[in-house]
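First up is the structure itself, then whatever we jot down about it.
The values are calculated or read from the model by the stated rules, or taken from the named source; none is laboratory data. For clarity, every value in this text was computed on a predicted model and none was experimentally measured. So basically every Cβ, Gly included, is an ideal-geometry build from the backbone, and we count neighbours across all protein chains shown. With ligands, DNA and RNA removed, areas are computed over all heavy atoms of the protein, side chains included. Shrake-Rupley method; radii C 1.70, N 1.55, O 1.52, S 1.80 Å.
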Amino acid sequence: MKTVRDLLEEKGRDVWTIDPGETVREALTRMADKDVGALVVTQGQSVIGVISERDYARKVIMKGKSSLETLVGDVMVRDPSCVAPTETIGACMTTMTEKRVRHLPVLEGASLVGLVSIGDVVKSI
């Protein structure tokens, strides 16, 4: 069965990050510039969360908050489920379904080496 490593070889290993102290507006700008729907939130070399367009819609807009003032750390999904490059695509699908998440940071040891989205997984299947 295909692995996360195989998927990353096909789609590329680009992964975009943001600091929890940056504003949601900065996160949205970065997502738009990079044409992605989510960013991995890092503090130093550690993955501490994920912020997506969905988080913005549900935790900022729907709650009447300002993207100019709200910090990424206040609305991100904390302690995200992560996968290793050796994980199978089927296992990723199971994790995404059970945890109800759309993005999985890929860690090799402690190093962030990619991000897998539900779209990536479905496309590879």
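Just a few scattered comments:
- Flag for Val47 being outside any helix (DSSP H, G or I), touching a Leu at 6+ places or on another chain (Cβ under 9 Å) and open to solvent by 30 Å² or more (accessible area, probe 1.4 Å): yes
- Residue check, Thr42 within 13 Å of the chain's Cα centre (by Cα) and of a type in the set (S, T, N, Q): yes
- Residue match in the range 76-92 (condition: part of a helix (DSSP H, G or I) and of a type outside the set (Gly, Ala, Ser)): yes
- Residue within the range 59-69 that is open to solvent by less than 70 Å² (accessible area, probe 1.4 Å) and basic (Lys, Arg) present: yes
- Those residues of the range 4-19 which are out of contact with any strand residue (DSSP E or B) (no Cβ under 6 Å at 6 or more places or on another chain), of a type outside the set (D, E, K, R) and open to solvent by 20 Å² or more (accessible area, probe 1.4 Å), in sequence order: Gly12
- Scope the range 96-113; condition in a helix (DSSP H, G or I) and either in contact with an Asp or Glu (Cβ under 7 Å, 6 or more places away or on another chain) or surrounded by 17 or more Cβ atoms within 10 Å (Cβ to Cβ) (or both); matching residues: Met96
- Unmet criterion (only one of (1) in a loop (DSSP other than H, G, I, E, B); (2) without any contact (Cβ under 8 Å) to a residue 40 or more places away in the chain; (3) of a type in the set (Val, Ile, Thr)) for Val41: (1)
- Screening the range 8-38 for residues that are aliphatic (A, V, I, L, M) and either in a strand (DSSP E or B) or touching an Asp or Glu at 6+ places or on another chain (Cβ under 6 Å) (or both) and picking the one that is farthest from Ala84 (Cα to Cα) gives Ile18.
- All positions within the range 20-36 that are surrounded by fewer than 16 Cβ atoms within 10 Å (Cβ to Cβ) and either in contact (Cβ under 8 Å) with a residue 12 or more places away in the chain or under 11 Å from the mean Cα position of the chain (by Cα) (or both): Gly21, Lys34
- If you go through the range 114-123 and pick out every residue that is open to solvent by 30 Å² or more (accessible area, probe 1.4 Å) and in contact with a helix residue (DSSP H, G or I) (Cβ under 7 Å, 6 or more places away or on another chain), you end up with 2.
Here is a yes/no grid of residues against (1) over 22 Å from Thr3 (Cα atoms); (2) in contact with a helix residue (DSSP H, G or I) (Cβ under 9 Å, 6 or more places away or on another chain); (3) of a type outside the set (Gly, Ala, Ser):
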{"site": "Val24", "(1), (2), (3)": "yes, yes, yes"}
{"site": "Arg30", "(1), (2), (3)": "yes, no, yes"}
{"site": "Ala57", "(1), (2), (3)": "yes, no, no"}
{"site": "Met62", "(1), (2), (3)": "yes, no, yes"}
{"site": "Thr70", "(1), (2), (3)": "yes, yes, yes"}
{"site": "Arg78", "(1), (2), (3)": "yes, no, yes"}
{"site": "Glu87", "(1), (2), (3)": "no, yes, yes"}
{"site": "Cys92", "(1), (2), (3)": "no, yes, yes"}
{"site": "Arg102", "(1), (2), (3)": "no, yes, yes"}
